[in-house]
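Step one of this worksheet: look at the structure below.
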Amino acid sequence: EAGVAQSPRYKIIEKRQSVAFWCNPISGHATLYWYQQILGQGPKLLIQFQNNGVVDDSQLPKDRFSAERLKGVDSTLKIQPAKLEDSAVYLCASSFTGNQPQHFGDGTRLSIL
Amino acid sequence: GDSVTQMEGPVTLSEEAFLTINCTYTATGYPSLFWYVQYPGEGLQLLLKATKADDKGSNKGFEATYRKETTSFHLEKGSVQVSDSAVYFCALKRLTGANNLFFGTGTRLTVIP
């Protein structure tokens, strides 16, 4: 089966600009996660979707980050405006249900200048 | 709150050496425990898991035993190979509530021929 697809793989922007990341989960997976992985740290959950509804967004900096999964399949994560501390790898993961193992994409590496 | 503490790296071993990467956790109740591996430029892959006390997860020669009394889930392998060079993450997931994973900071392993 095809894995979790993410794009772009790399993105370089200047601070205060906006950026968007895209994720296509494994077919049939109802649960989708966005994680932020800062260099030298483990991934940290930003937001979790169940189909097109938000399950947990308590760690999402809502003043600048937004995410949607309108049709319950693909998802986009947006940052506007970006700050230097947003430099990280943004990982998307999906699972069949919330209790099943999570499968990760290769991530988008974001660099803020 | 829930957390995972991992042995700091980097760890450098010769091929065929014995590997131990320590992991301890703090959680309410009895979480599920996981080891994920991240090869260079790739996303995280599930290596093994254990869902209850005294369970042993194993895969590709790696093993880890869920020890409730010491709140630990140490990763071991009897004979490492160059291809095992990667970053290893210990993680937990609660049985109830949010299904997201809490990750440790990761341990980079380099195996030299």
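Looking only at residues of the range A:14-30 that are buried (at least 17 other Cβ atoms within 10 Å of the Cβ), under 21 Å from A:Leu60 (Cβ atoms) and of a type in the set (A, V, I, L, M), we find that the one that is farthest from the chain's Cα centre (by Cα) is A:Ala30. The one condition from (1) in contact (Cβ under 8 Å) with a residue 60 or more places away in the chain; (2) within 9 Å of chain B (Cβ to nearest Cβ); (3) more than 27 Å from A:Lys15 (Cβ to Cβ) that A:Asp56 does not meet is (1). In the condition set (1) within 13 Å of chain B (Cβ to nearest Cβ); (2) of a type in the set (A, V, I, L, M); (3) in a strand (DSSP E or B); (4) within 21 Å of A:Lys71 (Cα to Cα), A:Ala20 is compliant with all but (1).
Would a scan of the range A:31-48 turn up a residue that is more than 11 Å from every other protein chain (Cβ to nearest Cβ) and more than 10 Å from the chain's Cα centre (by Cα)? No, every residue in the range A:31-48 fails to be more than 11 Å from every other protein chain (Cβ to nearest Cβ) and more than 10 Å from the chain's Cα centre (by Cα). In this structure, A:Thr76 does satisfy being in contact with a Phe, Trp or Tyr (Cβ under 8 Å, 6 or more places away or on another chain) and farther than 18 Å from A:Gln37 by Cβ.
Name the strands (runs of 3 or more DSSP E) wholly within the range B:56-100 that hold at least 3 residues that are touching an Asp or Glu at 6+ places or on another chain (Cβ under 6 Å)?
none
If I ask for residues that are crowded, with 18+ Cβ neighbours inside 10 Å and either in contact with a helix residue (DSSP H, G or I) (Cβ under 8 Å, 6 or more places away or on another chain) or closer than 21 Å to B:Leu95 by Cα (or both), which ones from the range B:19-44 would you list? Across the range B:19-44, the qualifying residues are B:Leu19, B:Cys23, B:Tyr25, B:Ala27, B:Pro31, B:Ser32, B:Leu33, B:Phe34, B:Trp35, B:Tyr36.
All of the numbers you see were taken from the coordinates with simple rules; none came from a lab. In this text the structure is predicted, and so the values were computed from the model without any measurement. Cβ sites come from the backbone with ideal geometry, for glycine too, and all protein chains shown count toward neighbours.
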